[in-house]
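Presented below is the structure to which this report refers.
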Amino acid sequence: MREREGNTASHATLPRWLELWSSRAENAALEYIYDDLVRRYSEPHRHYHGLRHISRCFQELDEVRGQADHPFEVELALWLHDAVYDPKRSDNEEASARYAREALGRLLQEEQLELIHCLIMATRHTEPPKSNDQGLIADIDLAILGSPEEEYRKYEDGIRREYCYMPEDRFRSGRAKLLEKFLKRDHIYYMDHFRERYEATARANLSHSISKLKATDPSQ
């Protein structure tokens, strides 16, 4: 299938999807799930949480795959962690975890499905990870916070466009509170690799964003 223009992953994702599964399942079943995932990640309201985000997650994973206890399940969780994304709802991770169970239910064992469920739920970022793999997926999901200024600005612009339905003052207040929660942590990242690479830049990016969000003139 042809990925939608403007939301194309930075590398071909179908070969990666099929390679991940190797000989675990038939291609027909895998391509059906893949097509549905691409359709979901290409939804018009996704200005950040699309295929480019997933591709960025894979790039981060490839650098730390050797640290994962269950690399197959971690990558699958990354593929599906934003399968459901609606800025107007607060249970996207729960819905994505349910989707994962339904989509993969005939292909994996129950313990694998449960592991993937827990990994996806770790991307809520509401509590410390309970396992090494949860720490990895949480940090991978937040790697964008430590990106260079231009890339980080595009990320913030994408988030604002996803919440275009929300009045400016309400968005700025809510967004500032969310970012402050990350900034108040002892560490934004749990794993040494991500902490060493992104922690300082992420804190600078967040501090700058919060200042702008709280400014009387948002252009400042």
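Quick check, is Tyr32 assigned by TED's automatic domain parsing to the domain that holds Leu18, at pLDDT below 95 and part of a helix (DSSP H, G or I)? Yes; evaluated as a whole, the condition is true for this residue. Looking only at the range 122-129, decide whether some residue is within 19 Å of Ile188 (Cβ to Cβ), buried (at least 18 other Cβ atoms within 10 Å of the Cβ) and among the polar types (S, T, N, Q). Scanning the range 122-129, I find at least one residue that is within 19 Å of Ile188 (Cβ to Cβ), buried (at least 18 other Cβ atoms within 10 Å of the Cβ) and among the polar types (S, T, N, Q), so the answer is yes.
Conditions (1) within 21 Å of Phe194 (Cβ to Cβ); (2) touching a residue at least 12 places away in the same chain (Cβ under 8 Å); (3) under 16 Å from the mean Cα position of the chain (by Cα); (4) not assigned by TED's automatic domain parsing to the domain that holds Ile188, marked per residue:
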{"site": "Tyr85", "(1), (2), (3), (4)": "no, yes, yes, yes"}
{"site": "Glu94", "(1), (2), (3), (4)": "no, yes, yes, yes"}
{"site": "Arg101", "(1), (2), (3), (4)": "no, yes, no, yes"}
{"site": "Glu111", "(1), (2), (3), (4)": "no, no, no, yes"}
{"site": "Glu114", "(1), (2), (3), (4)": "no, no, no, yes"}
{"site": "Ile140", "(1), (2), (3), (4)": "yes, yes, yes, yes"}
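Within the range 101-116, none of the residues are under 27 Å from Lys214 (Cα atoms) and either surrounded by 15 or more Cβ atoms within 10 Å (Cβ to Cβ) or of a type in the set (Ser, Thr, Tyr) (or both). Of the residues that sit in the range 156-190 and are over 26 Å from Gly135 (Cβ atoms) and in a loop (DSSP other than H, G, I, E, B), which one is nearest to the chain's Cα centre (by Cα)? Looking at residues that are over 26 Å from Gly135 (Cβ atoms) and in a loop (DSSP other than H, G, I, E, B), I get Tyr163.
The values are calculated or read from the model by the stated rules, or taken from the named source; none is laboratory data. Bear in mind that the values here come from a model prediction, so they are computed numbers and not experimental data. Virtual Cβ from ideal backbone geometry, glycine too; neighbours counted across all protein chains shown.
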